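The structure appears right after this line, and notes come after that.
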Amino acid sequence: MTVVRPFAGFVTAMTAGVLENVLSYSKDQQNITASNNCPVDNCCDGVDCPPEVHKNHHTFREKIVAGLRYAVTDVWGDIVMWFFVGLLLAGVITALVPDDLIAGVLGGGLLSMLIMLVFGIPLYICATASTPIAAALILKGVSPGAALVFLLVGPATNVTSLSVLYGILGKKSVLRYLAVLSVMAVLFGLAVDYLYGVLNIAPLAIIGEAGELVPGSLKMGAAIVLIALSVKPMIHFIKNMFKKNASGTTFYSDFPSLKG
């Protein structure tokens with residue numbers, strides 16, 4: 001699953017992108033210029049000092065420190081709440097859902113893939129939160145292929161993102177996107193279940209097995225570090241939830257429309 005999930009995501013994204021270019025790409029569409037601003041401390045705008053000059057502004061150590069700071073503040077701050085929401089939902093599923101309740105329906109086959117497809121497409125969930133939920137579903141008897149369908153379509157589609165895509169790409173492009181994603185997810189789900197069957201692998205017997213490779217003290221230390229890094233961004237997230245927008249300012253994006 002660790003190998004198949006990114007591979008399936010890559011193939012699906014490439015398929016959707018190539019199909020979109022073949023069917024609707026126009027050379028007259030506006031080109032978007034990439035930003036070359038310095039990611040370390042914004043010392044260079046990428047225009048007045050070209051990249052070949054800017055590459056000597058910072059040492060390798062400064063770049064590493066800036067990258068780690070970005071990882072543990074910006075990136076982790078964006079996903080930390082969804083990560084813990086996913087863990088919470090996984091715990092609820094594990095504790096409260098009877099083992100035989102969903103295994104009969106989602107235990108494998110095309111029907112289970114289609115049900116998971118219908119369930120996952122409108123659901124608002126990120127890739128981080130979907131992982132522990134999928135693991136909990138497998139523990140309850142859901143086939144790995146059906147869980148993979150959820151892992152692929154859950155983060156890639158939801159009502160909000162589809163409405164934004166509709167505004168940028170148009171109705172036909174969104175329908176093609178959904179069609180490609182759905183077909184590829186189901187095909188990969190069926191392939192994964194077939195592979196598990198051919199290799200005679202029992203998901204319930206091996207799930208979490210890799211965790212035994214890590215010493216308990218290291219896992220405990222990593223958990224403490226993770227919780228410590230999570231306190232500040234979670235407090236910030238919760239404060240923003242209750243913060244009222246006194247100014248009433250509305251943001252209008254200048255992102256260009258790609259509709260023909």
Query - Hits in the range 157-208 - residues which are of a type outside the set (A, V, I, L, M) and under 17 Å from residue 146 (Cβ atoms) - result: 157, 182, 188, 189, 193, 194, 196, 197, 203
Requested in this report: Please work out which one of (1) crowded, with 19+ Cβ neighbours inside 10 Å; (2) more than 16 Å from the chain's Cα centre (by Cα); (3) without any contact (Cβ under 8 Å) to a residue 40 or more places away in the chain is the condition residue 219 fails and give its number.
Outcome: (1)
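Hey, does the range 22-36 have a residue that's aliphatic (A, V, I, L, M), at pLDDT below 80 and in contact with a helix residue (DSSP H, G or I) (Cβ under 7 Å, 6 or more places away or on another chain)? Lay out the reasoning, then the answer.
To start, the set of residues in the range 22-36 that are aliphatic (A, V, I, L, M) comprises 22-23, 32, 34.
Subset that is at pLDDT below 80: 32, 34.
Those left that are additionally in contact with a helix residue (DSSP H, G or I) (Cβ under 7 Å, 6 or more places away or on another chain): none.
Scanning the range 22-36 turns up no residue that is aliphatic (A, V, I, L, M), at pLDDT below 80 and in contact with a helix residue (DSSP H, G or I) (Cβ under 7 Å, 6 or more places away or on another chain).
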Query - Residue in the range 85-100 that is nearest to the chain's Cα centre (by Cα), counting only those that are modelled with pLDDT of 80 or more and more than 10 Å from residue 132 (Cβ to Cβ) - result: 92
Report summary line: Among the residues of the range 110-128, the number that are surrounded by fewer than 16 Cβ atoms within 10 Å (Cβ to Cβ) and not aliphatic (A, V, I, L, M) is 3
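The values are calculated or read from the model by the stated rules, or taken from the named source; none is laboratory data. The shown structure was predicted, so the numbers you read here are calculated from the model rather than taken from an experiment. Methodologically, a virtual Cβ is constructed for each residue, glycine included, from the backbone with ideal geometry; neighbour enumeration extends over all protein chains shown.
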